[in-house]
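The values are calculated or read from the model by the stated rules, or taken from the named source; none is laboratory data. Everything quoted here is computed from the prediction, not taken from an experiment. Every residue, glycine as well, gets a Cβ built from its backbone with ideal geometry; the counts of neighbours run over all protein chains shown.
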Amino acid sequence: MRVDSGLGRRQDGDAPVVLTIGNFDGVHRGHQALLDEVRVTAASMDAQTALLTFNPHPRCVLDPARCPQSLTTVAEKRDLLAHGGLDRLVVLGFTREVSSWGAEQFCDLLGDAFDLRALVVGHDFALGHKRQGDIAFLRDYGARHGIAVMQVGEVRAEAGAVSSSRIRELVSAGDVTGAMLLLGRPYFMDARVEHGKEVGRHLGYPTANLSIATEKCLPQAGVYAMWVRVGGRWHMAATNVGYRPTFGGDRLTVEAYLLDFSGDLYDHDVRAVFVERLREERAYASVDELVAQIGRDVDQARRLLTGVAPPSL
């Protein structure tokens, strides 16, 4: 997959593209429906598939107090899109200047950057300053410039419309199984294992302390059954997301105990995949009570994950 930073000018020899635009945070089932249409349309036009996304999220620039946490970091999004077969990804740095672009100007810049044959958008899509570039504008612009414009309808699940905001709500509430239904895959995070206080090691359950991107949406504090991929191999894990209340902790940590694993994990990059929330985080009257509960958590995670195939992520 070709990855570009910013909208440049197309070069001689650049292939024609079918483009979709958006934040694509989570690359969820609604986004996947858009990408399916992009692929079908591109195949019919002998064109490449392309996606334009933004970093940071526009709301983080225009309304910082309401900046949403990310379901996928830019790197995670890039990985998901590459595995989905996307030909070209353009990451546009979102600034106040970009937010001032009118719809006509924005579309002209797209024409400069791409040999654009078709644009695929969602049911509520609009671009440009004050969302001037709605579907009616885009179809008129497309008719004037020889660009086909397709609109994909809303994708719904049993819990309602599929959206990044709804998935954030589910993840933040610890409902990782509900989030999985809307994502179309388990919720995951990529992290590096860093040195911690080694509390788990002293308790007999050495954990990998995961360094998580600051913008990443973390599930509600609690204990989770997970799969953790290290060096291409998946391992069952029981993971605590929280503050270590038994020890008076005040810093949020993500600590994964990998079942049946031995070895040094420090400075390894891992992918941690949430499967199910086992319980809430709570303080215990003694260390012995905590150790006994950790043992039960590990047993429950093992029962839950045994016989289940690791994710294809």
Legend entry - the stretch 99-147, residues that are modelled with pLDDT of 95 or more, among the acidic types (Asp, Glu) and not in a helix (DSSP H, G or I): 115, 134
Inset, instruction - Please go through the stretch 92-123 and pick out each residue that is of a type in the set (A, V, I, L, M, F, W, C) and more than 20 Å from residue 42 (Cα to Cα). - result: 92, 94, 98, 101, 103, 106, 109
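Tell me the residue from 127, 138 that is in the same structural domain as residue 42 (by TED's automatic domain parsing) and under 26 Å from the mean Cα position of the chain (by Cα), please. Can you show your working first?
Details: 138 fails: under 26 Å from the mean Cα position of the chain (by Cα).
Every option except 127 fails the conditions.
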Inset, instruction - Considering each of 266, 224, 257 in turn, give the residue that is modelled with pLDDT under 95, among the hydroxyl-bearing types (Ser, Thr, Tyr) and not assigned by TED's automatic domain parsing to the domain that holds residue 77. - result: 266
Inset, instruction - Mind checking which helices (runs of 4 or more DSSP H) fall wholly inside the stretch 160-244 and carry at least 1 residues that are within 19 Å of the chain's Cα centre (by Cα)? - result: 164-172, 176-183
Inset, instruction - Output the number of residues of the stretch 25-41 satisfying the condition of being in contact with a helix residue (DSSP H, G or I) (Cβ under 6 Å, 6 or more places away or on another chain) and hydrophobic (A, V, I, L, M, F, W, C). - result: 1
Inset, instruction - Hand me the list of helices (runs of 4 or more DSSP H) wholly inside the stretch 1-97 holding 2 or more residues that are hydroxyl-bearing (Ser, Thr, Tyr). - result: 29-45
Inset, instruction - Only one of these is crowded, with 18+ Cβ neighbours inside 10 Å and in contact with a Lys or Arg (Cβ under 8 Å, 6 or more places away or on another chain): 113, 103, 118. Name it. - result: 113
Inset, instruction - Go through (1) surrounded by 15 or more Cβ atoms within 10 Å (Cβ to Cβ); (2) touching a residue at least 60 places away in the same chain (Cβ under 8 Å) one by one and return the number of the condition residue 141 breaks. - result: (2)
Legend entry - Residue in the stretch 68-75 that is outside the structural domain of residue 270 (by TED's automatic domain parsing), touching a Pro at 6+ places or on another chain (Cβ under 7 Å) and either surrounded by fewer than 16 Cβ atoms within 10 Å (Cβ to Cβ) or not basic (Lys, Arg) (or both) present: no
